[in-house]
Amino acid sequence: MKIDFHTHANLSKALAVTPEEFRSKMKEAKESGLDALALTEHFNAPNFIEIYEMLDTHFPYQHNYYDVDGVKVFPGIEIDVYETGHFLVVAERETIKGISHQLREHTEENNFIKVNDLNELLKGLNVLKIGAHPYRESTPWVHHNEETLASFDAFDINGKDLYKYGTEMKEKVDALAAKYDISAVAGSDTHQFFQYGAVVNHFPECQTIEELRNVIKNKDYEVQLSPALRLKVRAAKFVKKILKEKDFVTI
C-alpha cells in the first residue's frame with residue numbers, strides 16, 4: 001500500500017473544494033501511484049467541517065477510512081500550536097470531528113492552543129501524531145523540549161521542504177526521529193494534484209489507525225522520493241502562483 005501522510009483537500013483556506021473536484025483529485029492521486037492518503041486539512045479552514053460532511057454524503061466509510069473510488073482516505077487534521085509548530089493528527093472520523101470542535105476557540109494566531117494542552121486533549125484518544133515539517137524555518141519543531149518531541153509517533157519528511165531545502169532534508173528528519181526513537185514518514189503537503197506521488201510510503205495493507213501506528217512503530221515500511229519530485233512540486237507551486245496573480249484565491 002502506497003500512502004501519503006500529509007495532504008489537503010482545499011487549494012487554499014479561501015477556496016472550498018467541491019465533491020467533483022475531490023473525486024478528480026483522488027483520481028490523480030491514484031494515477032500517481034497512491035493507494036491511500038491522510039487528509040490533514042488545516043484545522044482553521046473555514047470549511048473544515050463541511051469537508052467531512054461532503055465526504056460523509058458522497059463516499060462510503062469503512063474501517064477507519066473513506067473509500068473514494070478505490071483510494072483510502074484516512075481522516076486527519078493539521079493543527080497550529082501557540083509556541084509554533086504544526087501537528088498532524090490522523091484518526092477515525094468522529095475523533096477528528098471532535099478535535100475540530102474542541103479547537104473552535106483557538107483558530108486565531110494569537111490564541112492557538114498550547115502544545116501541552118493539545119497533547120492533553122489527545123491523551124487517551126486513538127490517534128496517530130506526526131510532527132509536520134520539523135525543520136521548516138517558519139514553523140519548526142526543533143525548539144520544543146525533548147518531552148514534546150518524543151511524544152510524536154513520527155516526524156514528517158515533507159515534500160515541499162525537500163524541494164526548498166534539498167533532499168538532504170530527509171537525512172535530517174531521519175536523524176531527528178532516531179534521536180527520539182520514533183519514526184519518520186513522508187508527506188507531500190500537497191494542496192494541488194500535481195504534487196501527488198512526490199513522496200510516498202510503502203506500507204503493508206492497513207485499514208485502521210491501530211494498523212498504521214503499528215507499522216510506523218515497528219518501522220515496517222519504506223519511504224520513496226520520486227525522481228520527479230522537483231518537477232511535481234514546482235508545477236503545483238506554479239499553478240498556485242498563476243491563481244494568485246489572477247486574484248482567484250488568497251494563498
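At a glance:
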{"quantity": "Positions within region 180-197 being touching a residue at least 60 places away in the same chain (Cβ under 8 Å) and polar (S, T, N, Q), in sequence order", "calculated": "SER188, THR190, GLN192"}
{"quantity": "Residue count for region 5-20, restricted to those that are assigned to a strand (DSSP E or B) and either under 21 Å from PHE203 (Cα atoms) or open to solvent by less than 30 Å² (accessible area, probe 1.4 Å) (or both)", "calculated": "4"}
{"quantity": "Subset of region 66-88 [under 15 Å from ASP35 (Cβ atoms) and open to solvent by less than 10 Å² (accessible area, probe 1.4 Å)]", "calculated": "TYR66, VAL68, VAL71, VAL73, PHE74"}
{"quantity": "Yes/no for VAL68 being in contact with a strand residue (DSSP E or B) (Cβ under 9 Å, 6 or more places away or on another chain) and at negative phi", "calculated": "no"}
{"quantity": "Close pairs (7 angstrom Cβ cut-off, 6 or more residues apart or separate chains): in contact (Cβ under 8 Å) with a residue 12 or more places away in the chain and farther than 19 Å from LYS170 by Cβ in region 126-143, open to solvent by 30 Å² or more (accessible area, probe 1.4 Å) and hydroxyl-bearing (Ser, Thr, Tyr) anywhere", "calculated": "LYS129/SER151"}
{"quantity": "Boolean, LYS2 is more than 15 Å from the chain's Cα centre (by Cα), basic (Lys, Arg) and open to solvent by 30 Å² or more (accessible area, probe 1.4 Å)", "calculated": "no"}
{"quantity": "Residue within region 55-63 that is out of contact with any helix residue (DSSP H, G or I) (no Cβ under 6 Å at 6 or more places or on another chain), open to solvent by less than 10 Å² (accessible area, probe 1.4 Å), closer than 21 Å to VAL239 by Cβ and not in a strand (DSSP E or B) present", "calculated": "no"}
{"quantity": "Criterion: under 17 Å from the mean Cα position of the chain (by Cα), surrounded by fewer than 19 Cβ atoms within 10 Å (Cβ to Cβ) and assigned to a helix (DSSP H, G or I) - qualifying residue of LYS97, LYS164", "calculated": "LYS97"}
{"quantity": "Region 100-130 - residue that is among the charged types (D, E, K, R) and part of a loop (DSSP other than H, G, I, E, B) and, of those, nearest to PHE43 (Cα to Cα)", "calculated": "ARG104"}
{"quantity": "Test: residue in region 217-232 that is surrounded by 14 or more Cβ atoms within 10 Å (Cβ to Cβ) and within 15 Å of LEU88 (Cβ to Cβ)", "calculated": "no"}
{"quantity": "Contacts under 7 angstrom Cβ, first residue in region 21-44 being under 30 Å from ILE113 (Cα atoms) and open to solvent by 10 Å² or more (accessible area, probe 1.4 Å), partner modelled with pLDDT of 95 or more and not in a loop (DSSP other than H, G, I, E, B), 6 or more apart", "calculated": "HIS42/GLU78; PHE43/ILE77; PHE43/GLU78; PHE43/ILE79; PHE43/SER100"}
{"quantity": "Within region 114-123, tally of residues that are among the hydrophobic types (A, V, I, L, M, F, W, C) and either in contact (Cβ under 8 Å) with a residue 60 or more places away in the chain or open to solvent by 20 Å² or more (accessible area, probe 1.4 Å) (or both)", "calculated": "1"}
{"quantity": "Leading residue by the ranking (nearest to GLU171 (Cα to Cα)) among those in region 198-236 that are part of a helix (DSSP H, G or I) and free of Cβ contacts under 8 Å to residues at least 12 places away in the same chain", "calculated": "ASN218"}
{"quantity": "Close pairs (7 angstrom Cβ cut-off, 6 or more residues apart or separate chains): more than 18 Å from GLY124 (Cα to Cα) in region 93-113, acidic (Asp, Glu) and surrounded by 10 or more Cβ atoms within 10 Å (Cβ to Cβ) anywhere", "calculated": "PHE112/ASP80"}
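Each row is one residue, and each column tells you yes or no for (1) at pLDDT below 85; (2) open to solvent by 90 Å² or more (accessible area, probe 1.4 Å).
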residue: SER188; (1), (2): no, no
residue: VAL199; (1), (2): no, no
residue: THR208; (1), (2): no, no
residue: VAL215; (1), (2): no, no
residue: PHE238; (1), (2): yes, yes
residue: LYS244; (1), (2): yes, yes
residue: VAL249; (1), (2): yes, no
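The values are calculated or read from the model by the stated rules, or taken from the named source; none is laboratory data. None of the values given here were measured: they were computed from a predicted structure. Don't worry about glycine lacking a Cβ; one is built from the backbone with ideal geometry, like all the others, and counts go over all protein chains shown. All accessible areas refer to the heavy atoms of the entire protein, side chains included, with ligands and DNA or RNA removed. Shrake-Rupley method; radii C 1.70, N 1.55, O 1.52, S 1.80 Å.
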